[in-house]
1. Can you name the condition, by its number, that D129 falls short on among (1) assigned to a helix (DSSP H, G or I); (2) modelled with pLDDT under 95?
2. Quick check, is P93 more than 21 Å from L21 (Cα to Cα) and either modelled with pLDDT under 80 or open to solvent by less than 80 Å² (accessible area, probe 1.4 Å) (or both)?
3. Between R119, R72, R64, which is modelled with pLDDT of 85 or more, closer than 29 Å to G162 by Cβ, basic (K, R) and in contact with an Asp or Glu (Cβ under 9 Å, 6 or more places away or on another chain)?
4. Looking only at residues in segment 24-69 that are farther than 20 Å from L139 by Cβ and of a type outside the set (D, E, K, R), which one is surrounded by the fewest Cβ atoms within 10 Å (Cβ to Cβ)?
5. Could you tell me how many of the residues in segment 134-162 are among the small types (G, A, S), assigned to a helix (DSSP H, G or I) and open to solvent by less than 40 Å² (accessible area, probe 1.4 Å)?
6. hydroxyl-bearing (S, T, Y) and in contact with a Cys (Cβ under 8 Å, 6 or more places away or on another chain): is that true of T160 in this structure?
7. Given the structure, is L124 buried (at least 21 other Cβ atoms within 10 Å of the Cβ), more than 14 Å from the chain's Cα centre (by Cα), outside any loop (DSSP other than H, G, I, E, B) and modelled with pLDDT of 80 or more?
8. Looking at G144, G140, G153 in this structure, which one is modelled with pLDDT of 90 or more, within 15 Å of the chain's Cα centre (by Cα) and over 24 Å from A42 (Cα atoms)?
Amino acid sequence: MVLDDASAEFHEFFERHYAELARLAHLLTGEADAADDLAADALVALWQRWDRLRQADHPLAYARGVVANLARGRIRSAVRERRRIALFWSRSPEKVDGPDTAAVLDVRAALDRLPFRKRACVVLRHAFDLSEKDTALALGISVGTVKSQTSKGMAELQRTLGVRAVGDLVEGRRNR
C-alpha cells in the first residue's frame with residue numbers, strides 16, 4: 001500500500017500521540033474502556049480535517065481539545081442517563097445525603113469531583129505537564145482562565161485530599 005504525504009504524516013501523528021490522547025480521555029472521564037474509543041473518535045475527526053490541520057501550528061493542541069470536548073459530551077450524556085434512571089426508579093422524593101467521604105481518597109475520585117474545566121486544566125497542567133499556553137490552546141480558552149481554573153482546581157483538591165497529598169502529587173510530577 002502506497003501512502004501519500006498527508007497519509008504518512010497522519011499515520012506518524014497517530015502513532016506518536018494516540019496513547020497520550022487515550023490517557024487524557026481516561027483522566028478526564030474516569031472510564032478506561034471509553035478512553036480508547038474517545039481517542040479514536042478524536043483521531044477520526046482529525047483525519048477528516050487533516051489537509052487543513054497538517055498546516056496548523058499546533059495540531060496536537062487541537063487534538064487535545066477534540067478529546068476534551070468528546071469527553072465533556074460523554075460525561076454530560078452519562079449524567080443525563082443517570083438522572084433519567086433515577087427518575088424512573090424513584091417512587092417518592094427521598095433525602096439524599098452528601099457523599100460518604102472515606103478517610104483516604106485517591107486522586108481519581110477527587111478529580112471526578114471537580115467540574116470539567118477545572119479537571120481538564122489540572123490534568124493537562126499537572127498530569128501532562130503542559131504549559132499554561134499549551135493548555136489554553138488545547139481547551140480553546142485564555143491563559144488567564146487556565147491559571148484561575150488550575151488554581152481553583154488545585155485548591156479544591158487540597159481541601160479534598162489534604163495539602164500534603166496534593167503537594168506530593170505535584171512533586172511526583174516534577175521528579176519524573
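1. Looking at each condition in turn, D129 falls short on (1).
2. Details: more than 21 Å from L21 (Cα to Cα): yes; either modelled with pLDDT under 80 or open to solvent by less than 80 Å² (accessible area, probe 1.4 Å) (or both): yes.
Judged against the criteria, P93 is a match.
3. Details: R72 fails: in contact with an Asp or Glu (Cβ under 9 Å, 6 or more places away or on another chain); R64 fails: closer than 29 Å to G162 by Cβ.
None of the others qualify; the one that does is R119.
4. Q55
5. Filtering segment 134-162 for residues among the small types (G, A, S) gives 136, 138, 140, 142, 144, 148, 151, 153, 155, 162.
Now narrow it down to the ones that are assigned to a helix (DSSP H, G or I): 136, 138, 144, 148, 151, 153, 155.
When the remaining residues are screened for being open to solvent by less than 40 Å² (accessible area, probe 1.4 Å), the result is 136, 138, 153, 155.
Of the residues in segment 134-162, 4 are among the small types (G, A, S), assigned to a helix (DSSP H, G or I) and open to solvent by less than 40 Å² (accessible area, probe 1.4 Å).
6. Details: hydroxyl-bearing (S, T, Y): yes; in contact with a Cys (Cβ under 8 Å, 6 or more places away or on another chain): no.
For T160, the condition - hydroxyl-bearing (S, T, Y) and in contact with a Cys (Cβ under 8 Å, 6 or more places away or on another chain) - is not met.
7. Working: buried (at least 21 other Cβ atoms within 10 Å of the Cβ): yes; more than 14 Å from the chain's Cα centre (by Cα): no; outside any loop (DSSP other than H, G, I, E, B): yes; modelled with pLDDT of 80 or more: yes.
Taking the combined requirement at face value, the residue does not satisfy it.
8. Details: G144 fails: within 15 Å of the chain's Cα centre (by Cα); G140 fails: over 24 Å from A42 (Cα atoms).
Within the list G144, G140, G153, the selection yields G153.
The values are calculated or read from the model by the stated rules, or taken from the named source; none is laboratory data. Quick caveat: nothing in here was measured; it's all calculated off a predicted structure. So basically every Cβ, Gly included, is an ideal-geometry build from the backbone, and we count neighbours across all protein chains shown. Accessible surface is based on the protein model in full, side chains and every heavy atom, while ligands, DNA and RNA are left aside. Shrake-Rupley method; radii C 1.70, N 1.55, O 1.52, S 1.80 Å.
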